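To start, the structure itself, in structure tokens.
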Amino acid sequence: MAKQILSIRMPMLTMNGPNLRRTLRLYELIKKSQCAAYFTIDGRTYTAEEFPRALPSLAALRKKEILVVLEGEGADALHQRLMTELRVSEENARENPGLYRES
């Protein structure tokens, strides 16, 4: 089977700065998956193992999103899961903007 390589732009900023809950959820999902992941934050690339060290860079994030590249057998399944979570988060924010502003 051919190697799967997928990417997704993850929104990370809210009105008050980077969303820590979304960041931790993303990290947990990737650690549980069977694929490799790379994050591009303000022009620097980190592996999933380096992501905890990248948190200071994430705290100083100037852009509204980060690029996540997924590679390996489980990349498609993880990509679909992340896209589903993004859609649910956007729908929740539209339905009740005050309640879900920080989620």
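The values are calculated or read from the model by the stated rules, or taken from the named source; none is laboratory data. Note that the coordinates shown come from a computational prediction; the quantities given were computed from them, not determined experimentally. All Cβ positions, glycine included, derive from the backbone under ideal geometry; neighbour counts span all protein chains shown. Ligands, DNA and RNA are excluded from the accessible area calculation, which covers all protein heavy atoms including side chains. Shrake-Rupley method; radii C 1.70, N 1.55, O 1.52, S 1.80 Å.
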Checklist outcome for this item: Over region 66-91, the set of residues exposed (fewer than 15 other Cβ atoms within 10 Å of the Cβ) and either under 16 Å from K32 (Cβ atoms) or modelled with pLDDT of 80 or more (or both) is L67, E73, D76, A77, Q80, R81, M83, T84, R87, V88
Checklist entry - Going through region 18-40 one residue at a time, which ones are in a helix (DSSP H, G or I), at pLDDT below 80 and open to solvent by less than 30 Å² (accessible area, probe 1.4 Å)? => result T23
Checklist entry - Quick one: in region 7-17, which of the residues that are open to solvent by less than 50 Å² (accessible area, probe 1.4 Å) and at pLDDT 75 or above is farthest from A48 (Cα to Cα)? => result P11
Checklist entry - If a residue has to be in a loop (DSSP other than H, G, I, E, B), free of Cβ contacts under 8 Å to residues at least 24 places away in the same chain, out of contact with any strand residue (DSSP E or B) (no Cβ under 6 Å at 6 or more places or on another chain) and over 15 Å from M12 (Cβ atoms) to count, how many in region 44-79 make the cut? => result 2
